[in-house]
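Q: Could you have a look at this structure, given as structure tokens, before my questions?
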């Protein structure tokens, strides 16, 4: 499965909530990260294989053998998912797309891409690469299992990995965005219509419905006593729905904001605060009076940083009068600045990737405005409403 940076940002937030990730290795310059949730799934899967699946297939093997088989099977699955995602990533890189990394987490693997494919051809090749790798691995494991059938434990593990890879390929080829099959569907529709937005909307609608179906199946399983494994389908369905809806929204945003400059949407001539202003004055004369998320901070007419309620809250009440804005402000950085001539679509993508909700608009050394995520979202919402039939 591949996702663009905005969806990857959502996944990153989920990953933070469920545990830390660490970089395991770097392959072809791509960082491979593993989330702690993957360890939980690996342990659970190994236990299920050792205590349930493998003993059912072959009853006469020593108990320790089942565990060794399970550990090898889990490692094989890890490698299979990694190769699936690497196939996506290497094809994407070959066509000039930037890969920020691959993360293995609760629901499998994610190849994190910046931006969208430049053409339907690239989309199609990139989407097919992962399932093609899984089919290749499944075939290799199946052939090896046949050759080594005299070695029961080895052949059983190889057969299991063959089955998993073929299931992985089949599931990912379901025509539901953001699964690989959904990307294939979008590429085909894009080729036929020449309309990226229409293709994305159609594929995303299919993905949203598929995600809803997974949620329903999972809930039915929970209510009919199928076990906690049904919860996995609910979580997967929620993720698929979010990713599909998010991709659809990003496509709409890109379409509405395309070729429009930041200066069309910014708030001009923002209220600024002098660096020597006390925190008490900042609260009394600025925060209470203006509905702004933050205030640019100036020193002798030059913008040097920004301050918000978040910084103010770090100062005890009895120190408000003696503390200056200079002491608590966030220093000015290049990441907090955009040009009035920058494309609004690019700025929106940047804000979503970095998590910034408001940026300063600078024309060389002059502060000419501020641009907020909510300003851009309002324009997108209005345009979307105008396009909806009554």
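Throughout, read-outs are computed from the coordinates displayed, never taken from laboratory work. All of these numbers come straight from a predicted model, not from anything done at the bench. In this analysis, Cβ positions are derived from the backbone assuming ideal geometry, glycine residues included, and neighbour counts consider all displayed protein chains.
Q: Which percent, to the nearest 5, of DSSP beta bridges fully inside the stretch 262-387 are antiparallel? Mind showing how you got there, number by number?
A: Details: 17 of 21 bridges.
Just about 80 percent of them are antiparallel.
Q: In whole percent, what relative contact order does the stretch 155-208 give with Cα contacts below 8 Å and a gap of six or more residues?
A: Values: 56 pairs, mean separation 16.7, N = 54.
About 31 percent, as a whole number.
Q: Step by step: find N for the stretch 153-284, compute 2.2 N^0.38 Å, then divide the Cα radius of gyration by it. What's the final number?
A: Working: Rg = 23.6 Å, N = 132, 2.2 N^0.38 = 14.1 Å.
For the stretch 153-284, the normalised Cα radius of gyration comes out at 1.68.
Q: Using 0.36 nm per residue of separation minus the Cα-Cα distance, give me the extension gain between residue 170 and residue 222 in nm, one decimal. Please report the intermediate quantities before stating the final value.
A: On the way: separation 52, 0.36 × 52 = 18.72 nm, distance 2.46 nm.
Answer, rounded to one decimal: 16.3 nm.
Q: So, one more: Please find, in a Gaussian network model of the chain (springs between Cα atoms separated by less than 10 Å), the residue of 87, 334, 42 whose mean-square fluctuation is greatest.
A: Highest fluctuation among the options: 334.
Q: Follow-up question, since we're still on this one. For the stretch 217-297, list log₁₀ I(q)/I(0) at each q in 0.15, 0.20, 0.21 Å⁻¹, using the Debye formula over Cα point scatterers of equal strength and ignoring solvent, two decimals each.
A: Here log10 of I(q) over I(0) equals -0.75, -0.92, -0.96.
Q: Roughly how tilted is helix 180-193, in degrees to the nearest 10 and between 0 and 90, from the longest Cα axis of the chain?
A: 60
Q: Out of every Cα pair in the stretch 262-387, what percent are spaced more than 21 Å from each other?
A: Values: 3313 of 7875 pairs.
I get 42 percent for the Cα pairs in the stretch 262-387 exceeding 21 Å.
Q: Next question. Could you give the alpha-carbon Rg of the stretch 239-280 over 2.2 N^0.38 Å, rounded to two decimals? Each step should come with its number before you reach the end.
A: Numbers: Rg = 18.6 Å, N = 42, 2.2 N^0.38 = 9.1 Å.
In units of the globular-protein estimate, the stretch 239-280 measures up at 2.04.
Q: To the nearest 10 degrees, how steeply does helix 36-48 sit against the main Cα axis of the chain, on a 0 to 90 scale?
A: 20
Q: A further question follows. Please tell me the relative contact order of the stretch 211-264 in percent, rounded to the nearest whole number, where contacts are Cα pairs under 8 Å and at least six residues apart.
A: Details: 37 pairs, mean separation 18.5, N = 54.
Dividing the mean separation by the residue count of the stretch 211-264 yields 34 percent.
Q: What is the helix-to-structure angle for 5-18, meaning the angle in degrees between its Cα long axis and the longest Cα principal axis of the chain, kept from 0 to 90 and rounded to the nearest 10?
A: 80
Q: May I ask you to list the residues of the stretch 297-321 whose amide nitrogen lies under 15 Å from a point 7 Å from Cα along the Cα→beta-carbon direction of residue 267?
A: It comes to 297, 306-310, nothing else.
Q: Highest GNM mean-square fluctuation, the chain, Cα pairs closer than 10 Å: which of 292, 28, 40?
A: 28
Q: Then there's this: Suppose R0 equals 56 Å; then what is the FRET efficiency for residue 337 and residue 94 from their Cβ-Cβ distance, rounded to the nearest 0.05? Provide the component values of the computation, followed by the final result.
A: Numbers: r = 34 Å, r/R0 = 0.60.
Efficiency at R0 = 56 Å is approximately 0.95.
Q: Mind listing the Cα extents of the stretch 317-390 along all three principal axes, in Å, largest one first?
A: Computed over the Cα atoms, the extents are 58, 33, 22 Å.
Q: Between (i) 24.6; (ii) 23.5; (iii) 24.1, which entry matches Kirkwood radius over Cα pairs in Å as derived from the coordinates of this structure?
A: Label (iii) holds the value from this structure.
Q: Hey, rough spin-label estimate for residue 135 and residue 319, points 7 angstrom out along Cα→Cβ, what's it come to in nanometres?
A: Placing both labels 7 Å beyond Cα along the Cβ direction yields 6.4 nm.
Q: How much length, in nm to one decimal, is gained on full extension between residue 291 and residue 59, taken as 0.36 nm per residue of separation minus their Cα-Cα distance? Mind dumping the intermediate values first?
A: On the way: separation 232, 0.36 × 232 = 83.52 nm, distance 7.01 nm.
That works out to 76.5 nm of additional length.
Q: Can you give the helix-only mean residue ellipticity at 222 nm for the chain, where every DSSP H stretch with n ≥ 4 adds -39500 (n - 2.57) and the sum goes over all residues, rounded to the nearest 500 deg cm²/dmol? Before the final figure, lay out the partial values.
A: Values: 14 runs with 221 residues, N = 390.
-18500 deg cm²/dmol, from helical runs alone.
Q: Among 212, 77, 179, 143, what is the fewest-to-most ranking by other Cβ atoms within 10 Å?
A: Details: 212 15, 77 21, 179 27, 143 12.
Ascending number of Cβ neighbours within 10 Å: 143, 212, 77, 179.
Q: Which of 29, 237, 108 moves most in a GNM of the chain, Cα contacts under 10 Å?
A: 29
Q: Moving to a separate point now. Pairs of alpha-carbon atoms within less than 8 angstrom and 6+ residues apart define the contacts here; what relative contact order does the chain have, in percent?
A: Details: 611 pairs, mean separation 46.4, N = 390.
Once normalised by length, the contact order is 12 percent.
Q: Provide the percentage of antiparallel DSSP beta bridges, counting only those with both residues in the chain; round to the nearest 5. Mind dumping the intermediate values first?
A: Numbers: 31 of 41 bridges.
For the chain, the DSSP antiparallel bridge percentage is about 75.
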